[in-house]
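Asks: Next up is a structure, given as structure tokens.
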Amino acid sequence: MKSKELNRRNFIKASALFAVAVSLPEMSSCRSETTEVAPNDCQTTDDILGPYYKAGAPIGENIIPANVETDPLIIEGKVFSHCDDVLNEAEVEIWNADEDGVYDSSEKYLFRGKYVTTTDGSYRFKTIIPGRYLNGSVYRPSHIHFRIKAPGHRELVSQIYFREDPFIPTDPWASASKAQERILTIVKNEDNVDTITFDIHLHKT
């Protein structure tokens, strides 16, 4: 928990950046190549791919490395075709930074994983709440990346954020109107573990 406390102190000091006007986004060129569709009441909106994506993540529910002592976070939900029909065998891929805001680039695929949905469309990952990192002169809020594929549907690249993260207002992507449904609340499950529920709606091609 030592590094967790260090992060907290660092980000309290960094809160002075709130007064800094957001300049042109540093990662504006790192956008998804997916085709945008018109918003509707069951669309899961897209977000940037970011510069830290690494293809080939292994299939696995628990993506926390063995030596990490940070409290776990469960991410679970279902994948739907449009609004109501669940999608089995959809491929859900996630990746996130470690507790210090650093992405792994090794062949170990730390904090990177893939899950194939079950017959009821469900997926589940065990990771952590990622640390934040500087993007230019401001911190990116804590976030987790998603990439979802299913036959006959548009590929979706997106991100989730955490409600009450103080860096959301200064982040050009988290503060965008289309991200509002992806700013999620952490709750405790029956085992007293931090949990996020994120249902994903894909559009047919």
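Asks: Taking Arg182 as the residue in question, decide whether it is farther than 22 Å from Lys78 by Cβ and among the basic types (Lys, Arg). Can you show your working first?
Replies: Working: farther than 22 Å from Lys78 by Cβ: no; among the basic types (Lys, Arg): yes.
Spelling it out, it is not the case that Arg182 is farther than 22 Å from Lys78 by Cβ and among the basic types (Lys, Arg).
Asks: I'd like the full set of residues that are closer than 15 Å to Thr197 by Cβ and not small (Gly, Ala, Ser), limited to the stretch 72-85.
Replies: Restricting attention to the stretch 72-85, the residues satisfying the condition of being closer than 15 Å to Thr197 by Cβ are 73-80.
Residues satisfying the conditions are Leu73, Ile74, Ile75, Glu76, Lys78, Val79, Phe80.
Every residue, every condition in (1) under 20 Å from Asn62 (Cβ atoms); (2) charged (D, E, K, R); (3) modelled with pLDDT under 95, yes or no:
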{"residue": "Lys108", "(1), (2), (3)": "yes, yes, no"}
{"residue": "Phe111", "(1), (2), (3)": "yes, no, no"}
{"residue": "Ser122", "(1), (2), (3)": "yes, no, no"}
{"residue": "Pro141", "(1), (2), (3)": "no, no, no"}
{"residue": "Ala150", "(1), (2), (3)": "no, no, no"}
{"residue": "Gln159", "(1), (2), (3)": "no, no, no"}
{"residue": "Ser175", "(1), (2), (3)": "no, no, no"}
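Asks: Restricting to the stretch 185-205, count the residues that are open to solvent by 20 Å² or more (accessible area, probe 1.4 Å) and touching a residue at least 12 places away in the same chain (Cβ under 8 Å).
Replies: Applying the first criterion (open to solvent by 20 Å² or more (accessible area, probe 1.4 Å)) to the stretch 185-205 yields 185-194, 197, 199, 201, 203-205.
Now narrow it down to the ones that are touching a residue at least 12 places away in the same chain (Cβ under 8 Å): 185-186, 189, 193-194, 197, 199, 201, 203-205.
Result for the stretch 185-205: 11.
Asks: Also, quick follow-up: So Phe111 passes all but one of these: (1) on the phi > 0 side of the Ramachandran plot; (2) touching a residue at least 60 places away in the same chain (Cβ under 8 Å). Which condition number does it fail?
Replies: Every listed condition holds for Phe111 apart from (2).
Asks: From the list Leu73, Leu49, exactly one residue is open to solvent by less than 70 Å² (accessible area, probe 1.4 Å), outside any loop (DSSP other than H, G, I, E, B) and among the hydrophobic types (A, V, I, L, M, F, W, C). Which is it? Let's see the steps before the verdict.
Replies: Values: Leu49 fails: outside any loop (DSSP other than H, G, I, E, B).
On inspection, the qualifying residue turns out to be Leu73.
Asks: Turning to a different aspect of this structure: If you go through the stretch 100-128, how many residues are among the β-branched types (Val, Ile, Thr), within 16 Å of the chain's Cα centre (by Cα) and either more than 21 Å from Val193 (Cα to Cα) or surrounded by fewer than 22 Cβ atoms within 10 Å (Cβ to Cβ) (or both)? Spell out how you get there, then give the answer.
Replies: We begin by selecting, within the stretch 100-128, every residue among the β-branched types (Val, Ile, Thr); these are 102, 116-119, 127-128.
So of that shortlist, the ones also within 16 Å of the chain's Cα centre (by Cα) come out as 102, 127-128.
Remaining after also requiring either more than 21 Å from Val193 (Cα to Cα) or surrounded by fewer than 22 Cβ atoms within 10 Å (Cβ to Cβ) (or both): 102.
Qualifying residue count for the region: 1.
Asks: Kindly establish whether Pro25 is surrounded by 14 or more Cβ atoms within 10 Å (Cβ to Cβ), outside any helix (DSSP H, G or I) and at pLDDT below 95. Let's see the steps before the verdict.
Replies: Values: surrounded by 14 or more Cβ atoms within 10 Å (Cβ to Cβ): yes; outside any helix (DSSP H, G or I): yes; at pLDDT below 95: yes.
Taking the combined requirement at face value, the residue satisfies it.
Residue-by-condition table, conditions (1) in contact with a strand residue (DSSP E or B) (Cβ under 6 Å, 6 or more places away or on another chain); (2) of a type outside the set (A, V, I, L, M, F, W, C):
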site	(1), (2)
Asn96	yes, yes
Asp104	no, yes
Thr127	yes, yes
Ile183	yes, no
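The values are calculated or read from the model by the stated rules, or taken from the named source; none is laboratory data. A quick note: this is a predicted structure, and the numbers were derived from the prediction, not measured. Positions of Cβ are backbone-derived with ideal geometry, glycine not excepted, and every protein chain shown enters the neighbour counts. Just so you know, the surface numbers come from the protein's heavy atoms only, side chains and all, with ligands and any DNA or RNA stripped out. Shrake-Rupley method; radii C 1.70, N 1.55, O 1.52, S 1.80 Å.
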